[in-house]
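The values are calculated or read from the model by the stated rules, or taken from the named source; none is laboratory data. Note that the coordinates shown come from a computational prediction; the quantities given were computed from them, not determined experimentally. Backbone-built Cβ (ideal geometry, glycine too); neighbour counts: all protein chains shown. All accessible areas refer to the heavy atoms of the entire protein, side chains included, with ligands and DNA or RNA removed. Shrake-Rupley method; radii C 1.70, N 1.55, O 1.52, S 1.80 Å.
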Amino acid sequence: MWIKSEFGRNVGKMMGGTGLAQLLNFLGALVLARLYTEADYGRLALFTSLIMMLTGVSGLRYELAVVLPKFKKEAYQVLALALLSNLAFSLAAMLLLLFFASPIKAWFQITDLGMILYTVPLGIFLLSTFNSLYHWQVRQKAFGHLARVQLGQTLAGLVAQICFSFALPA
């Protein structure tokens, strides 16, 4: 009975997208286990954790506020603020890396990443922008679209991790 309601259909869409994304992650882990050594897994974990931690602060958490305004114009303004802060933070991170890469690598003991470290600001920008636009779609109640996007994000993440395995220094 609850499936006939709009809420039930939306929950079903999100559950289906999440379930398929988890299945993709599981299958992708089998492929990644063949590509990475234990040391490479450590580098991958370091790379992704840097992006995930810095993404949390890059948008100043304004992306969460996108769903709150009563009027669409105000929501657009909050979204623009989130996207601008994402861009500013990512550019600042790139500038820091360009000018202070050696001290940063030494301080955090991340010399293993090599030139891959310079892609962290791009990863921050892409993921934080995705998060901002994801919350905009939640505001629009586009849950079917969000389920498909979640599958696409999982697939893109797996492809990036596979590509990352070939880019690691030997």
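Quick one: accessible area per residue over the chain, 1.4 Å probe, rounded to a whole number of Å²?
Per-residue value: 63 Å².
Over its Cα atoms, what ratio of radius of gyration to 2.2 N^0.38 Å does the range 1-140 give?
Rg over 2.2 N^0.38 Å, computed on Cα atoms: 1.31.
Rounded, prolate or oblate for the range 1-67? Axes are the square roots of the Cα gyration tensor eigenvalues, ordered a ≥ b ≥ c, and the cut-off for rounded is a/c under 1.5.
oblate
Return the single residue from ARG43, ARG34, ARG139 with maximal mean-square fluctuation; model: Gaussian network over the chain, springs between Cα atoms under 10 Å.
Comparing ARG43, ARG34, ARG139 in the GNM, the peak value goes to ARG34.
Quick one: with all protein chains in place, what share of the accessible area of the range 1-112 is carbon or sulfur, to the nearest percent (1.4 Å probe)?
C and S atoms contribute 72 percent here.
Could you report the accessible area of MET15 in Å², rounded to 10, computed with a 1.4 Å probe on the protein chains as they sit in the structure?
120
With angles folded into 0 to 90 degrees, how steeply does helix 38-58 sit against the dominant principal axis of the chain? Use alpha carbons for both and round to 10.
The answer is roughly 50 degrees.
Give the residue list of chymotrypsin sites (Phe, Trp or Tyr not before Pro) in the range 16-79 that are DSSP loop and have at most 16 other beta-carbon atoms within 10 angstrom.
Of the chymotrypsin sites (Phe, Trp or Tyr not before Pro), the ones in loops of the range 16-79 whose Cβ has at most 16 other Cβ atoms within 10 Å are PHE71.
Helix 143-167: angle to the longest alpha-carbon principal axis of the chain, degrees 0 to 90, nearest 10?
10
Of VAL120, VAL159, which has the most accessible area and how do the rest follow, probe 1.4 Å?
Result of the area sort, largest leading: VAL159, VAL120.
Assuming 0.36 nm per residue, please report the length gained on full extension of the stretch PHE26 to ALA80 beyond their Cα-Cα distance.
Difference between extended and current length: 15.9 nm.
Working from Cα positions, state the angle (0 to 90°, nearest 10) between the long axis of helix 6-35 and the longest principal axis of the chain.
Orientation of helix 6-35: about 20 degrees from the principal axis.
At 222 nm, what value in deg cm²/dmol follows for the chain if DSSP H runs of at least 4 each add -39500 (n - 2.57) and the sum is divided by all its residues, to the nearest 500?
Value at 222 nm, helices only, nearest 500: -28000 deg cm²/dmol.
Per 0.36 nm of contour for each residue apart, how much would the distance between SER49 and ARG139 grow if the chain were fully extended, relative to their Cα-Cα spacing?
29.6 nm
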